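*Asks:* Got a structure here, written out as structure tokens. Questions coming.
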Amino acid sequence: MSPPARWVLAAWLAGAAACAAVIARTEFTTDLSAFLPRSPSAVQQVLVEQLRDGVASRLTLVAVEGGSPDRLAEISKRLAAALRASREFASVNNGEEAGFDKDRDLVWRYRYLLSPAVRAERFSVAGLRASLEELLAQLASPAGVLLQRVAASDPTGELIRLLDPLAPAARPRLHGGVWFSQDGSRALLVAQTRAAASDIDAQQHALGLIRDSFARAAAGSDARLLVTGPGAFSVASRERIRGDAWRFSLIATVLIAAILIALYRSVRVLGLGLLPVASGALAGVAAVSLVFGSVHGITLAFGVTLIGEAVDYAIYLFTQNAPGATAQSTFERIWPTLRLGLATSVCGFSAMLFSGFTGLAQLGLFSIAGLVVAAAVTRWVLPAWLPRGFAVAAAAGFAPKVMALARAAPRLRTPLVILLAAALAFLFVRPQPLWSGTLASLSPISPREQALDRQLRLDIGAPDVRYLVVLHAPDEQAALRASEQAALALRDAVAKGWLQGFDSPAAVLPSEAAQRARQAALPPAQTLRQNLQEAQRGLAFRANVFEPFVRDVSASREMPLLDRTSLQGTSLALRLDSLLVKRQSDWAAMLPLRGVSDVKAIADAVAGTSAGVLLDLRGEFDELYRGYLREAQIHSLLGAAAIVALLFAALRSARRVFDVLAPLAAAAVVTCGLLVLGGHELSIFHLVGLVLVVAVGSNYALFFDREALSAQDRGRTLVSLLFAAVTTVIGFGLLAFSAVPVLNAIGSTVGLGAAMALVFSAIMSRPTGDEGAHARAS
């Protein structure tokens, strides 16, 4: 090995070792929120944060079916007891009374600090008289038996007033003391994990506990377990990503290796051909790790595409190396074209690099770093290691047939023009929008899983909350005070029939100011006794029967204020955490609305009394997505413009630039038409894929534009293009079978588009003239 080759080998080994050292310390994630848009506004950021780490992301819905209701109820109780004993879960509710004992005890103890009805006039003689007369009427009703237990301690009815707003908006039916679906076929349970859905390892462990506990609780029965929720979705998505990454990478490697071994007929040359791919993958992962601090699993799965494109560089070098020529001289001859093709690919992938999606930005950086390193390894490493005098003998056999196809291809220009016109007409005249405007189009959850989630939420009685009032405040107390102000407007809206109800964090934890005001409204014990004696005159109550009421009021006057820690161990803590969120620099309070009938009136009422904003969650997320789609379209246009400018600077001929771009534009349009015709709902990921069609296909168009030195050179070039396109189609096309939307969209788009880019480049290529002419300057 010559001294220069030794230096090249040393540099390559040092680079590979450095990348391996970075990767050894890399954190790999599969959090699909990386493929949610990064929010441009504070309000939208709250929503994205809640999807990633909020309390709602920690809820797991569990159903047990496949047995008699009595048997299912018993299994539910055993399962709930086992999960409550685990530290993995913050709360487990299945409708059993035991699950709400702490809630009732807390509400009873703090009822005079929680109730918004507590005012000084309520404890005056007139106020107490009205409450006692109402109590007498209630005791005479069918509900009187229940009221007798608390009447002496709560004659003003604070507990009854509190239980309604603090109760869930809807509850499923009860059988055997546990929750059931309305048709009685499923026993239901809701578990809150301590870990957020983004902590997928913890979620997987929690799901394992649920399954193991169910297996013990349902032993000997035919009962079946159903589980859904954000945590279950995260775990399932990670398994899909891992499975796709390994499966498609393995299949692509085997297929491409089989094709190349048939072409090269040399195991050593095959190994050399895969060297740029391995080097590029190492460099891509290391670059992403250094810039982003972690590497997403989808980025690794996307590495399969690098196999398809990075291996092209070695194919061009090996296949176009003429018998007797040195690899170095061959590369110097084709390097200007490869360099320009690499530059156009980098421009295309840059549209992903500057995306508002962190996941797409990772894919862009991975691809750019990987391709640059793969090209560098092909440029400086492979020529030094390629066996002297090596030539791909199979190229001579394939060349005549490929050249015959290439010479016949221009006859298809008229059909191509007709196909292009038909695709354009179809895309422009179709009544539906070309691009999906909803964030749901990016959902990694299968339709079956979505249907199960909807069914269990319907069974459990969870409301479909679409409208939400969001308030921002500098601290917790300010957020609670703002919630109380907004609640005043919302209560008025309920009275006017604009909505059916709402939830508020202040109903669970009133502000300190409100609690102090309620304590101040409570009279001293002696005053309260005197007022009670006056109010009781003429009513059928025994003397001193309300002494427990006097003691509780007196205790409430002096008790410490209710705070967040007081709620620990109750389901009210979960409710508060879902409605009042500590953020990095402020607090956000959220008030979900139910049964909204006049959106504008409610929005005006809330804006007039507080700093709240009424959000339509469905519309807000869709607008968030549409904003990023517009941003991606701008980046794609900038990437395409960069490619055009680059080609003009390199080729210096408008005609040659047209020859290169025309087949690429046609491939992008026809690909788009075929995807829509095939039922694909185009998303931002398809848009990125179309840009990559232009970036990847530019290599084919540039080689068709390059004039050959001889007929033999032309034949070897066409053979290299054919095999390069096949490997690219395999690399990207396999991803079309992925269940992960980003991989499926990019794979199906680029796999189809790359094939058409090669065919269209051949159809639209111009005659190269005398095969013995010198190559044009590139």
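The values are calculated or read from the model by the stated rules, or taken from the named source; none is laboratory data. On a predicted model such as this, the values are computed, not experimentally measured, just so you know. Note that each Cβ is placed from the backbone with ideal geometry, even for glycine, and that neighbours are counted across all protein chains shown. Protein only, heavy atoms only, side chains kept; ligands, DNA and RNA dropped before computing areas. Shrake-Rupley method; radii C 1.70, N 1.55, O 1.52, S 1.80 Å.
*Asks:* Mind telling me which of the residues Ser124, Ser86, Ser131, Ser115 ends up being crowded, with 20+ Cβ neighbours inside 10 Å and of a type in the set (Ser, Thr, Tyr)?
*Replies:* From the options Ser124, Ser86, Ser131, Ser115, the qualifying one is Ser115.
*Asks:* Among the residues of the range 478-499, count how many are over 19 Å from Val596 (Cβ atoms) and open to solvent by 40 Å² or more (accessible area, probe 1.4 Å).
*Replies:* Residues flagged as over 19 Å from Val596 (Cβ atoms) and open to solvent by 40 Å² or more (accessible area, probe 1.4 Å) within the range 478-499 amount to 3.
*Asks:* Only residues in the range 542-563 that are over 29 Å from Arg575 (Cβ atoms) count as the first member; pair them with residues that are charged (D, E, K, R) and at pLDDT 90 or above, Cβ under 8 angstrom, at least 6 apart or cross-chain, and list the lot.
*Replies:* What qualifies is Val550/Arg529.
*Asks:* Taking the criterion of being at pLDDT 90 or above, charged (D, E, K, R) and assigned to a loop (DSSP other than H, G, I, E, B), would at least one residue in the range 495-508 satisfy it?
*Replies:* There is at least one residue in the range 495-508 that is at pLDDT 90 or above, charged (D, E, K, R) and assigned to a loop (DSSP other than H, G, I, E, B).
*Asks:* Which numbered condition trips up Arg224, out of (1) free of Cβ contacts under 8 Å to residues at least 24 places away in the same chain; (2) open to solvent by 40 Å² or more (accessible area, probe 1.4 Å); (3) closer than 30 Å to Arg457 by Cβ?
*Replies:* Unmet for Arg224, out of (1) free of Cβ contacts under 8 Å to residues at least 24 places away in the same chain; (2) open to solvent by 40 Å² or more (accessible area, probe 1.4 Å); (3) closer than 30 Å to Arg457 by Cβ: (1).
*Asks:* If you check Thr565, Thr570, which single one turns out to be surrounded by fewer than 15 Cβ atoms within 10 Å (Cβ to Cβ), of a type in the set (Ser, Thr, Tyr) and within 37 Å of the chain's Cα centre (by Cα)?
*Replies:* Thr565
*Asks:* Something else: Tell me which residues, restricted to the range 643-681, are among the β-branched types (Val, Ile, Thr), farther than 17 Å from Ala755 by Cα and in contact (Cβ under 8 Å) with a residue 60 or more places away in the chain.
*Replies:* Ile643, Val676
*Asks:* State the number of residues belonging to the range 369-402 that are part of a helix (DSSP H, G or I) and either open to solvent by less than 30 Å² (accessible area, probe 1.4 Å) or touching a Gly at 6+ places or on another chain (Cβ under 6 Å) (or both).
*Replies:* Of the residues in the range 369-402, 15 are part of a helix (DSSP H, G or I) and either open to solvent by less than 30 Å² (accessible area, probe 1.4 Å) or touching a Gly at 6+ places or on another chain (Cβ under 6 Å) (or both).
*Asks:* Exactly one of (1) assigned to a helix (DSSP H, G or I); (2) surrounded by fewer than 21 Cβ atoms within 10 Å (Cβ to Cβ); (3) modelled with pLDDT under 90 is unmet by Ala281. Its number?
*Replies:* (2)
*Asks:* Let me ask you something else. If we only count helices (runs of 4 or more DSSP H) wholly inside the range 524-619, which ones have 1 or more residues that are of a type in the set (Ser, Thr, Tyr) and farther than 26 Å from Asp503 by Cβ?
*Replies:* It comes to 525-536, 547-558.
*Asks:* Out of Val719, Val729, Val750, Val742, report the one residue that is on the phi < 0 side of the Ramachandran plot, part of a helix (DSSP H, G or I) and at pLDDT below 85. Spell out the reasoning first.
*Replies:* Values: Val719 fails: at pLDDT below 85; Val729 fails: at pLDDT below 85; Val750 fails: at pLDDT below 85.
Val742 is the lone residue from the list that is on the phi < 0 side of the Ramachandran plot, part of a helix (DSSP H, G or I) and at pLDDT below 85.
*Asks:* Looking only at residues in the range 200-224 that are touching a Gly at 6+ places or on another chain (Cβ under 9 Å) and under 18 Å from Ala236 (Cβ atoms), which one is modelled with the lowest pLDDT?
*Replies:* Only one residue tops the list, namely Ile200.
*Asks:* Right, Val581: among the hydrophobic types (A, V, I, L, M, F, W, C) and over 21 Å from Ala479 (Cβ atoms) or not?
*Replies:* Against the criterion (among the hydrophobic types (A, V, I, L, M, F, W, C) and over 21 Å from Ala479 (Cβ atoms)), Val581 does not qualify.
*Asks:* Consider the range 172-217. How many of its residues are of a type in the set (D, E, K, R) and part of a helix (DSSP H, G or I)?
*Replies:* Of the residues in that region, 4 qualify.
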